[in-house]
Amino acid sequence: MSRSPGRPRRRVRVHATVRWVRSGGISTLILLLPLLLTFGYFAWFPIGNAVVMSFQETNLVDEPTWIGLDNFTTIFGDPLFWTSVRNTVYFTFLALLFGYPVPLVLAVLMSEFRRGLGLYSMLAYLPVVVPPVVAVLLWRFFYDASTTGVFNTILGWVGLGPFEWIQSASMAMPSLVLQATWANAGATVIIYLAALTSVRAELYDAVEVDGAGIWYKIWHVTLPQLRHILLITLILQVIATFQIFTEPFLMTGGGPNNATTTILLQIYNYAFRFGDYGAATALSLVLAVFLAIMSAIYFRATRSWSTS
């Protein structure tokens, strides 16, 4: 009688299970179980609830009504949806154009100072310590459009201004980007400084022997060695900027003329101004799916860059 081809596979699986049990697999699973249950309850359960709620009409008090794709039809048919998408993309573009290089430049310059690096690191990280609400309200005061405003007064000393800042539809978004860059750049500076310590000193010594200047060292040694970190911080910044909320909510309220209404601010308006929690969760789901797809495409496209 011929032996069944499936029997060796089952035997291998049994041996693998026995090895897993003997190596402490059950005790490991028992130790992980509270963590998995806690994470599932506070993370995956709300996500599943949000997916269900996006197909319902609910005010979180009365019994929800199943309405299918009506919430998605509502958000895509709202003119403010495309306005918020355009504003969010514009904010992301400005944040990447101006805010992304700033931490790298600061980290490289600070690494050149042998003395006082700790002081410079503390000063760079100080804005991160300031509570976001306090920072936004402080900058809102600085952005006073009158001639006695802080920024307008300083610029007036050199014959510039006054500017309308957040009161102007054209300047409001760049003003938010400036404040967000100041508030968040410090954390990335610390990451880059830590990464710079892993760059081998022999590489710098080799190019210095060839007579290379600082710009050559940065372009041909520093940036290639930081390639992995740069790729990670880029996608993290894109995800963070697409979820911008605190700055437009507290500083401009989405104005003037909806010039700073972002996707997350629109989600807030659906939920807490209009009481339409179904539309709010539907828009949240659309944003989450978009960011997930974009992240997957990004990591697949940059896989060869990070290894070559």
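Some points to look at:
- Within the stretch 43-71, the set of residues being open to solvent by 80 Å² or more (accessible area, probe 1.4 Å) and either among the β-branched types (V, I, T) or under 17 Å from S284 (Cα atoms) (or both) comprises W44, F45, I47, E57, L60, V61, L69, D70.
- Subset of the stretch 141-159 [within 27 Å of N258 (Cα to Cα), open to solvent by 80 Å² or more (accessible area, probe 1.4 Å) and of a type outside the set (V, I, T)]: F141
- Of all the listed residues (L96, L138, L126), the sole one being open to solvent by 90 Å² or more (accessible area, probe 1.4 Å) and among the aliphatic types (A, V, I, L, M) is L126.
- Total residues in the stretch 99-111 satisfying the condition of being over 21 Å from the mean Cα position of the chain (by Cα) and either at pLDDT 90 or above or open to solvent by 50 Å² or more (accessible area, probe 1.4 Å) (or both): the figure is 1.
- Residues of the stretch 112-137 classified as in contact (Cβ under 8 Å) with a residue 40 or more places away in the chain and within 24 Å of the chain's Cα centre (by Cα), total: 12
- Here the helices (runs of 4 or more DSSP H) wholly within the stretch 67-111 that include at least 3 residues being free of Cβ contacts under 8 Å to residues at least 12 places away in the same chain and under 22 Å from L230 (Cα atoms) are 101-111.
- Selection count where residues are open to solvent by less than 80 Å² (accessible area, probe 1.4 Å), not small (G, A, S) and not in a helix (DSSP H, G or I), scope the stretch 182-234: 2
- Of the residues making up the stretch 239-283, just one is hydroxyl-bearing (S, T, Y) and without any contact (Cβ under 8 Å) to a residue 24 or more places away in the chain, namely Y268.
- With respect to the conditions (1) more than 26 Å from the chain's Cα centre (by Cα); (2) part of a helix (DSSP H, G or I); (3) of a type in the set (D, E, K, R), D144 falls short on a single one, namely (2).
- Test: residue in the stretch 281-293 that is of a type in the set (G, A, S), over 25 Å from V136 (Cα atoms), surrounded by fewer than 16 Cβ atoms within 10 Å (Cβ to Cβ) and in contact with a Leu (Cβ under 8 Å, 6 or more places away or on another chain): no
- Qualifying residue in the stretch 4-14 (condition: modelled with pLDDT of 85 or more, among the aliphatic types (A, V, I, L, M) and at negative phi): no
The values are calculated or read from the model by the stated rules, or taken from the named source; none is laboratory data. In this text the structure is predicted, and so the values were computed from the model without any measurement. Cβ coordinates were reconstructed from backbone atoms using ideal geometry, including for glycine residues, and neighbour counts include every protein chain displayed. Quick note on the areas: whole protein, heavy atoms, side chains included, nothing else; ligands and nucleic acids left out. Shrake-Rupley method; radii C 1.70, N 1.55, O 1.52, S 1.80 Å.
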